[in-house]
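Heads up, the thing below is written out as structure tokens.
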Amino acid sequence: MLAALRSDELATAVGPEPDWNSAAFVDARTIVAGVEDFLHGDGRTEHWLLDARTLHPLGRIDYPHPVGEHVVGLGDGTWLTTDPDDATLRRWTAPADLLPG
């Protein structure tokens, strides 16, 4: 094992017991991962950017639109999400201040 990060180590607002629900490579140095509290939460998902080598959290992504739990990394610095109803597909890129140097 190279690195580990427990979902409950994140300062998340989704609930007291968050669980990972998806993860994907944004690029060679960055992972985007989703957490949700399936037992106590309100169904809201948060996505976090993580350093791919250490899994250190780089920051929570503040989307301008609601997103569903699944994320698909494209490996070119972008990723795809759907809205909670799976009706709209969106492509995202990270703000430069959240990417590893």
Candidate set from segment 42-54 (those that are surrounded by 16 or more Cβ atoms within 10 Å (Cβ to Cβ) and not in a strand (DSSP E or B)); member that is nearest to the chain's Cα centre (by Cα): 45
Unique residue being assigned to a loop (DSSP other than H, G, I, E, B) and either modelled with pLDDT under 90 or surrounded by fewer than 17 Cβ atoms within 10 Å (Cβ to Cβ) (or both) when the list is 101, 59: 101
Output for segment 62-97, where each listed residue is surrounded by 10 or more Cβ atoms within 10 Å (Cβ to Cβ), under 12 Å from the mean Cα position of the chain (by Cα) and not polar (S, T, N, Q): 63, 67, 68, 69, 70, 71, 72, 73, 79, 80, 92, 94
Residue within segment 8-31 that is surrounded by 13 or more Cβ atoms within 10 Å (Cβ to Cβ), touching a Ser or Thr at 6+ places or on another chain (Cβ under 6 Å) and modelled with pLDDT of 90 or more present: no
Residues located in segment 64-84, provided they are closer than 16 Å to residue 36 by Cα and either free of Cβ contacts under 8 Å to residues at least 24 places away in the same chain or in contact with a Pro (Cβ under 9 Å, 6 or more places away or on another chain) (or both): 66, 67, 68, 69, 82, 83, 84
Considering residues of segment 80-97 that are touching a strand residue (DSSP E or B) at 6+ places or on another chain (Cβ under 7 Å) and either under 16 Å from residue 25 (Cα atoms) or among the aliphatic types (A, V, I, L, M) (or both) only, the residue modelled with the lowest pLDDT: 94
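The values are calculated or read from the model by the stated rules, or taken from the named source; none is laboratory data. Small disclaimer: the values here were computed from a predicted structure and weren't measured. Positions of Cβ are generated from backbone atoms using ideal geometry, with glycine treated the same way; all protein chains shown enter the neighbour counts.
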